[in-house]
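One structure below.
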Amino acid sequence: MKFGIVVFPGSNCDHDAWYATSHNAGAQAQMLWHKDTIIPSDIDCVILPGGFSYGDYLRCGAIARVSPIMSAVCKHAEQGRFVLGICNGFQILTESGLLPGVLLRNASLSFICKDIHLRTEQILSPFTSSFEQGQILRVPIAHGEGNYFTDEQTIHILEQEQRIAFRYCDANGNATIEANPNGSINNIAGILNDKGNVLGMMPHPERCCDPLLGNSDGLGVFTSLMQTVGLY
Amino acid sequence: MKHFKAMITITLRKSILDVQGKTVEHALHSTNFTSVDQVRIGKYVELTVHATDAQQAMSIVDDACKNIIANPIMEDHHIALEEISVGEHA
């Protein structure tokens, strides 16, 4: 199992993603440059990491979406191979149309950096198969634009097709308004595409993979993929 | 070939709550600007474009707005076009 982590100008969670996948999960991992035009054929999962690609100019993810590597990332996804967008990576995925909706400015207008709770909503996906249904995870968030929004019809489809991978909840698993850090519609923290091979999520699983940090709840996202690919 | 200056205003779609606009509206009300209402905060983009006529220039800029400059899922854009002489900037 090999992860390819895209480095855009302004990415700042690329090394964390590399460390989590290679050192904590035990997979192979390599960095991919934003000017690359192909994804090496041995890469199973492309990670679009968190950060502030292109300084968040215009809109978060709007410029990264047109960088050379993104055509190859879209092709990678069309082939049914895996793409994981974390935080700014999720914003890039919505801008590129690989996932529906947008990430608006947080309802509080503040940048929020703290641990939150997530409820695992969908365990049949390749990104979540090592979790239990409803499993509560403690994962950090760090964003100013994480307020997921889409039209009513798309929300209906996402809910009906069970494409909401994670929802913000309290410590007991209740998806309340109080437990929603950014105003996301239906407490959405992460969604899947229609084929289930693309996941975008605002929380940072790569930041909670090492027991040394006191929390390895995020590791399951990467080990799920490794189980799916069959090399774990 | 004619040259045009496009002045593009981008605002959140009416269906989306403009939290920043609302906050500024409250601030205005609390500083006695009580007659002010419906504050919307957006972005302003200016660019020049060359085209055979205003209609073509408008079409190019509108396309650029729909593709990159604005995100139609969350934003509306309004374009004001003005013909300029060659080499004139802003």
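Things to note:
- Selected from A:H117, A:S41, A:L212, residue furthest toward positive end of dipole (the protein assembly as shown; charges at beta carbon): A:L212
- The residues of chain A present an accessible area of 40 Å² per residue when probed at 1.4 Å with all protein chains retained.
- Antiparallel content of DSSP bridges confined to segment A:43-144, in %, to 5: 65
- Apolar share of the accessible surface for chain B: 55 percent from carbon plus sulfur atoms, 1.4 Å probe.
- Delta accessible area of at least 20 Å² on complex formation, residues of segment A:146-169, 1.4 Å probe, chain isolated as reference: A:F149
- Delta accessible area of at least 20 Å² on complex formation, residues of segment B:67-82, 1.4 Å probe, chain isolated as reference: B:N67, B:I68, B:I69, B:N71, B:I73, B:M74
- Inter-site label distance for A:W33 and B:H29 at 7 Å from Cα along Cβ, in nm: 5.5
- Cα gyration tensor, segment A:4-153 - rounded (a/c under 1.5), prolate or oblate: rounded
- Computed from protein heavy atoms with a 1.4 Å probe, the total accessible area buried between A and B is close to 1200 Å².
- Whether chain B is rounded, prolate or oblate, judged on the alpha carbon gyration tensor where a/c under 1.5 counts as rounded: prolate
- Shown are A:Y54, B:Y44, A:Y19, whose ranking by accessible area with a 1.4 Å probe and every protein chain present, most to least, is B:Y44, A:Y19, A:Y54.
- Using the rule -39500 (n - 2.57) for each DSSP H run of four or more residues, divided by the residues of chain A, the 222 nm mean residue ellipticity is -5500 deg cm²/dmol.
- Cross-link pairs exceeding 25 Å between alpha carbons, from the set A:K114/B:K66; A:K2/A:K75; A:K75/B:K5; A:K195/B:K14: A:K114/B:K66; A:K75/B:K5; A:K195/B:K14.
- Degrees separating the helix B:54-64 axis from the principal Cα axis of chain B, which is the longest one: 60
- The charge dipole of segment A:1-111, taken about its Cα centre with unit charges on the Cβ of Lys, Arg, Asp and Glu (plus for the first two, minus for the last two), comes to roughly 200 debye.
- Residues B:T34, A:T128 ordered from highest to lowest accessible area at a 1.4 Å probe: B:T34, A:T128.
- Whole-percent carbon and sulfur share, accessible surface of segment A:74-232, 1.4 Å: 49
- Check: chain A dipole with +1 on Lys, Arg Cβ and -1 on Asp, Glu Cβ, in debye: 280
- Model label sites at B:Q56 and A:S41, defined 7 Å from Cα along the beta-carbon direction, differ in position by 4.5 nm.
- Förster radius 30 Å - calculated FRET efficiency between A:T154 and A:Y57, Cβ distance, rounded to 0.05: 0.70
- With 50 Å² as the minimum drop in accessible area between chain alone and full protein complex (1.4 Å probe), the qualifying residues in segment A:31-63 are A:L58, A:R59.
- The residue list B:V19, A:Y168, A:Q28 was ranked by how far each Cα lies along the charge dipole of the protein assembly as shown toward its positive end, using unit charges on Cβ atoms, and A:Q28 comes out on top.
The values are calculated or read from the model by the stated rules, or taken from the named source; none is laboratory data. Fair warning: this is a prediction, and the values are worked out from it, not measured in the lab. Because the Cβ atoms are built from the backbone with ideal geometry, glycine has one as well, and the counts that use them run over all protein chains shown. Note: areas computed on protein heavy atoms with side chains; ligands, DNA, RNA excluded. Shrake-Rupley method; radii C 1.70, N 1.55, O 1.52, S 1.80 Å.
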